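Remarks on the structure that follows.
The values are calculated or read from the model by the stated rules, or taken from the named source; none is laboratory data. The structure presented is a predicted model; accordingly, all values stated were derived computationally and were not measured. Positions of Cβ are generated from backbone atoms using ideal geometry, with glycine treated the same way; all protein chains shown enter the neighbour counts. Heads up: the accessible areas ignore ligands, DNA and RNA and are worked out on the full protein's heavy atoms, side chains in. Shrake-Rupley method; radii C 1.70, N 1.55, O 1.52, S 1.80 Å.
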Amino acid sequence: MSIPFFFIPCLAALVLSGSFFPAHAAGSRPPNIVFIFSDDHAFQAISAYGEARRLLETPNIDRLAKEGMRFERCLVPNSICGPSRATVLTGKYSHLNGFYNNSNSRFDASQPTVQKLLPGYQSAVIGKWHLVSDPVGFDHWQILPGQGDYYNPRMIRNGEKIEVPGYVTDVITDASLDWLKKRDPSKPFLLMCQHKAPHREWEPALRHLHADEDRVYPEPPTLFDDYSGRGPAVRDQDMSLAKTMTARDLKLVAPARLTPEQRRVWDAYYEPRNEAFREAKLVGKELVRWRYQRYMHDYLACVRSVDESVGRILQYLQDEGLAENTLVVYSADQGFYLGEHGWFDKRWIFEESLRTPLLVRWPGVTPAGSVCRDIVSNVDFAETFLEAAGQPVPADMQGRSLVPLLRGNTPADWRKSFYYQYYEFPEPHRVQPHYGVVTDRYKLVRFYGAAGNTTELYDRLKDPLELRDVLGQPGYEAVAGELEAELGRLRRELKVPEEVPAEAYGGKPQGGPKPR
Ligand code: CA
């Protein structure tokens with residue numbers, strides 16, 4: 001194997017870490033990689049995660065858990081769409097890959113990204129991209145511009161603008177399968193199949209409108225969180241069912257891109273229900289409850305289409321004899337609130353938004369039905385793909401390959417803490433910028449936005465719903481000190497700048513948000 005000159009200095013480190021040696025057997029063909037990535041898919045809405053509040057069945061995604069590994073704690077470094085995508089491609093945090101927020105960041109596509117580091121692979125990205133600049137280094141790409149449309153979506157295929165009839169999840173799946181069918185079978189491939197669903201405004205495939213009929217979904221225990229016991233940041237946000245959801249979110253108005261025929265199907269479902277809602281004139285908690293039920297109906301119907309997509313792709317791999325040598329990954333760009341704390345959306349260091357689903361099937365490598373409880377992250381994905389393909393890992397990537405974990409062997413020095421930082425403020429949801437350190441049990445978080453500078457400590461063992469800041473309370477002095485030290489260590493190790501660059505907030509003046 002030839003080694004590019006610039007890798008020589010880190011060769012020893014790579015050999016020591018095992019990263020240099022191909023994960024596949026000597027002489028065998030490197031595995032294909034199918035990365036199925038959805039947008040805002042909460043782990044709570046995957047039946048394999050077996051949460052107490054069972055919202056729906058996802059048999060196809062669950063198949064990956066049964067035949068592979070379910071990661072219980074996959075954390076994202078910056079819980080928002082574009083930044084997560086930049087992290088997946090680069091293996092770096094936002095402050096090094098330069099993509100901080102969805103407001104004014106633009107991905108610098110000249111930097112090293114995973115698809116460019118897989119020589120001999122054919123690669124494609126199909127679906128949601130959301131990095132503003134065009135994809136670079138893929139043999140084929142077909143993306144949604146910006147957030148994309150749910151119905152009859154506009155797309156850009158290798159630079160050409162097109163419009164594709166149908167429902168976006170089906171369109172992305174069809175295009176992914178089409179590319180697989182036309183690929184050069186003599187080469188391994190990387191397919192990034194990236195869904196828009198179940199992103200806001202949660203517009204379902206018309207065939208799924210009646211899937212749950214008028215089932216009453218279980219409410220989360222914190223639907224009516226009063227935000228007591230914590231600092232001002234959680235009260236200052238604008239992402240609640242009570243005050244933030246729009247008529248479009250709630251399907252009280254129909255989306256513009258439906259054809260007349262599609263519109264009739266849409267209206268047949270929503271209009272009688274909307275009429276009943278208008279007549280009921282709900283207020284207060286009853287209004288929030290109605291909104292929660294409508295939100296869950298629509299969101300979960302979107303998830304059904306994603307689960308079907310996973311099923312179709314797994315079936316194709318099986319039918320073509322590709323399943324045995326294909327690493328299949330299912331994940332989402334971050335977690336999401338399904339009414340917890342009265343919220344939708346993401347952004348916070350708190351568990352529902354910090355944690356993202358991760359399920360991996362790798363026959364012959366990963367034990368079927370296994371569960372990993374170690375702290376992993378989407379910053380690890382690029383290095384994982386590179387090691388799986390037997391390629392060297394650039395020394396400046398900031399994650400760590402999951403290949404040993406996928407084999408069932410967590411290294412003794414695996415991470416016990418994780419650094420998080422969120423920037424975008426104040427639009428669109430007024431979540432205060434913050435950073436912090438996360439361990440298996442604790443979170444120490446520093447908010448530095450307009451609501452005031454506060455540091456808060458959460459003990460998930462005693463307070464799994466994260467409802468009480470315990471910083472300064474008796475018994476927490478030592479752990480707070482240890483977490484402060486760890487936070488400093490992580491910031492140094494990850495090269496986090498002391499001053500947050502002005503552009504990181506999304507167009508705020510120099511220095512970011514000013515205290516009010
Ligand atoms: Ca997202």
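How many of the residues in the stretch 336-351 are outside any loop (DSSP other than H, G, I, E, B) and either more than 16 Å from the ligand (Cβ to nearest atom) or among the charged types (D, E, K, R) (or both)?
Our first condition is that a residue be outside any loop (DSSP other than H, G, I, E, B); within the stretch 336-351, this holds for 340-343, 351.
From what's left, either more than 16 Å from the ligand (Cβ to nearest atom) or among the charged types (D, E, K, R) (or both): 340-342, 351.
Looking only at that region, the number is 4.
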Next item on the list: Could you please find all residues in the stretch 27-42 being among the hydrophobic types (A, V, I, L, M, F, W, C) and more than 10 Å from the ligand (Cβ to nearest atom)?
Entry: ILE33, VAL34, PHE35, ILE36, ALA42
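Report yes if some residue within the stretch 373-387 is of a type in the set (Lys, Arg) and either buried (at least 24 other Cβ atoms within 10 Å of the Cβ) or not in a loop (DSSP other than H, G, I, E, B) (or both); otherwise report no. Break it down stepwise before answering.
Step one: filter the stretch 373-387 for residues of a type in the set (Lys, Arg), giving 373.
Right, trim to either buried (at least 24 other Cβ atoms within 10 Å of the Cβ) or not in a loop (DSSP other than H, G, I, E, B) (or both) and you get none.
Scanning the stretch 373-387 turns up no residue that is of a type in the set (Lys, Arg) and either buried (at least 24 other Cβ atoms within 10 Å of the Cβ) or not in a loop (DSSP other than H, G, I, E, B) (or both).
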Checklist line | Boolean, ALA332 is of a type in the set (A, V, I, L, M, F, W, C) and either out of contact with any helix residue (DSSP H, G or I) (no Cβ under 8 Å at 6 or more places or on another chain) or within 16 Å of the ligand (Cβ to nearest atom) (or both) | finding: yes
Margin query: Being out of contact with any Pro (no Cβ under 9 Å at 6 or more places or on another chain), open to solvent by 10 Å² or more (accessible area, probe 1.4 Å) and either within 16 Å of the ligand (Cβ to nearest atom) or under 30 Å from ALA247 (Cα atoms) (or both) is the filter here; which residues of the stretch 298-329 pass it?
Written below: GLU308
Notebook entry, point to check: So, in the stretch 74-99, of the ones that are more than 15 Å from the ligand (Cβ to nearest atom) and hydroxyl-bearing (Ser, Thr, Tyr), which residue ends up nearest to SER353 (Cα to Cα)?
Noted result: TYR93
Notebook entry, point to check: Can you tell me which of ALA480, ALA451, ALA504 is in contact (Cβ under 8 Å) with a residue 40 or more places away in the chain, of a type in the set (A, V, I, L, M, F, W, C) and open to solvent by 10 Å² or more (accessible area, probe 1.4 Å)?
Noted result: ALA451
Margin query: Can you tell me which of (1) in a loop (DSSP other than H, G, I, E, B); (2) aliphatic (A, V, I, L, M); (3) within 16 Å of the ligand (Cβ to nearest atom) is the one LEU358 doesn't meet?
Written below: (1)
Notebook entry, point to check: Of the conditions (1) assigned to a helix (DSSP H, G or I); (2) closer than 29 Å to TYR423 by Cβ; (3) open to solvent by 70 Å² or more (accessible area, probe 1.4 Å), LYS285 fails just one. Which one is it?
Noted result: (2)
Checklist line | Cross-chain or 6+ apart pairs with Cβ under 6 Å, the stretch 253-268 first and assigned by TED's automatic domain parsing to the domain that holds GLU213, then open to solvent by less than 50 Å² (accessible area, probe 1.4 Å) and charged (D, E, K, R) | finding: PRO255/GLU203; ARG257/ASP149
Note to self: Here is a list: SER103, SER79. Which entry is closer than 30 Å to ASN409 by Cβ and assigned to a loop (DSSP other than H, G, I, E, B)?
What the structure shows: SER79
